[in-house]
Amino acid sequence: MTERKLDIFRVLKQADLKNADFFEKLTEEEQKAFQPFLIQRWMSGTYSPRQIVFLNELVNPFAFSLANHKQLLWQLMTICTGGKPQRYVWNKLPGKLSTAKPVSVSVIQQYLQCSERHAHEALNCLTGNDILNIAEKLGMQTEELAKIRKEHKDEELKADTIGAKSKNKTKPAPEKEAVQDFFQF
């Protein structure tokens, strides 16, 4: 087992106590092990909205430009806390996106020319019929449209309009610019 040079929970406790001199009192080895970005990330795992706002406003803008000034960043971090001990949790980064509707996501990506993450966000706001209309506008084949219908089987979808006239008037595919403006791509 590797020996810890600096215990993160000790650092967080000192931040909660607003101990601005803590960094100066660390040994040289501990100062080298001190990583402001990592500490800031831990400090953002709080239930205190005040602390999160302060971290975002006071520390985030300077986290990389002042990376060589660890003491200054530490002092900024101590300003952000409320002065009372609190519990912290590690905020995990978002993992790989998965969906039960990969064809629909692909259609949205192709239509909006956006990332997979943005397509997933847009998927939540579009109906199965919207996606079918977009797919038709993109000129997708009957087999691909059938896959989209299968993905949205729990929704009431329009009848197959390829090669047949539908009695039901469906709304046209949403305009690309309107959807992009809505999601601010």
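Overview of values
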quantity: Over 18 Å between alpha carbons, listed pairs 25/70; 32/84; 101/153; 5/92; calculated: 32/84; 5/92
quantity: In Hz, Karplus ³J(HN,Hα) per residue of the range 115-129 (6.51, -1.76, 1.60; θ = phi - 60°; x = Gly, Pro); calculated: 6, 5, 4, 5, 5, 4, 5, 5, 4, 5, 9, 10, 8, x, 5
quantity: Binned Cα-Cα distances of the range 8-80, short to long, each 5 Å bin given as a whole percent; calculated: 3, 17, 32, 28, 14, 4, 1
quantity: Additional length obtainable on full extension of the chain from residue 117 to residue 47, 0.36 nm per residue less Cα span; calculated: 22.6 nm
quantity: Spacing of the two label points (7 Å from each Cα toward its C-beta) at residue 68 and residue 142, in nm; calculated: 6.8
quantity: Total formal charge among the other residues, if their Cβ is under 15 angstrom from that of residue 105, Lys/Arg +1 and Asp/Glu -1; calculated: 0
quantity: Hz values of 3J(HN,Hα) by residue in the range 45-51 - Karplus curve (6.51, -1.76, 1.60), Gly and Pro given as x; calculated: x, 10, 9, 8, x, 4, 5
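Each reported figure results from applying straightforward, stated rules to the coordinates on display, with no laboratory input. This structure is a prediction, so every number in the text was calculated from the model and none was measured. Please note: Cβ atoms are built from the backbone with ideal geometry, for glycine as well, and neighbour counts cover all protein chains shown.
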